[in-house]
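FYI, it's all coordinate maths here, none of it is from the lab. Everything quoted here is computed from the prediction, not taken from an experiment. We place every Cβ from the backbone using ideal geometry, glycine too, and count neighbours over all the protein chains shown.
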Amino acid sequence: MLASKILHDDEVFLGSDELIISKTDLQGRITYANRTFIRLAGYDEEALLDKPHNMIRHPDMPKGVFKFLWQELQQGHEFFGFIKNATIGQGFYWVFANITPDFDSKGRVQGYFSVRRSPSAEAIKVIEPIYKNMIEIERRHSKPDAPHHSFSYLNQVLDSKRVSYERFVMQLQAL
Ligand SMILES: Cc1cc2nc3c(=O)[nH]c(=O)nc-3n(C[C@H](O)[C@H](O)[C@H](O)COP(=O)(O)O)c2cc1C
């Protein structure tokens with residue numbers, strides 16, 4: 001019992017000079033993973049390639065964040081945000097992620113490209129309770145509506161701080 005709890009709470013950290021890089025196709029299936037990604041996630045490269053990126057999804061991550069991420073990408077925008085990911089051994093790691101459309105030589109979007117760096121520890125202290133509230137809101141709503149409601153809550157938090165989403169996460173990462 002104790003051992004499984006320790007395993008479940010096992011946080012692994014990205015070095016301050018390390019980057020996790022991955023690429024996906026248009027559906028979010030992994031087409032490239034760098035060594036740091038492979039090391040932290042704990043999977044072999046073959047186990048990651050061609051798999052949906054949600055294979056490292058952590059249950060503490062609100063659906064509303066991913067809905068917003070995909071909306072931004074599909075509009076040709078980049079996304080910045082704090083993401084908690086699961087490792088193969090039920091551990092976890094936090095990242096500050098930047099995800100962008102990946103263009104081919106003719107300027108068409110051929111997939112997506114993500115670079116994640118070590119997040120500010122202070123930022124995680126701020127974002128974690130917000131994500132917990134979002135998850136709680138998602139539990140109270142039916143599946144299709146849940147991400148909308150939790151993202152509305154995040155927008156209320158941003159409105160109360162009079163800050164845009166992007167400015168908020170940039171300010172947090174600078175803490
Ligand atoms: C380039 C790229 C990188 C992504 N990186 C992550 C990631 O690190 N962790 C994660 O949980 N989802 C990531 N996603 C989002 C997943 O595709 C997926 O939307 C998310 O895990 C939620 O899973 P669901 O859509 O099945 O609910 C990424 C998507 C793209 C396009």
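Some observations on this one:
- Under 10 Å, Cβ to Cβ, from residue 100 - net charge with Lys/Arg +1 and Asp/Glu -1: -3
- Cα gyration tensor shape for the chain, rounded if a/c is under 1.5, else prolate or oblate: rounded
- Zone residues, the stretch 85-118, relative to residue 32, backbone N less than 17 Å from point 7 Å out along Cα-to-Cβ: 98-117
- Between the stretch 123-175 and the stretch 96-115, the alpha-carbon centres lie 25 Å apart.
- Straight Cα distances below 29 angstrom link residue 143 to the lysines 5, 23, 51, 63, 67, 84, 125, 132, 161, with same-chain residues fewer than 8 positions distant left out.
- Estimated FRET transfer efficiency when R0 is 25 angstrom, pair residue 145-residue 13 (beta carbons, to 0.05): 0.10
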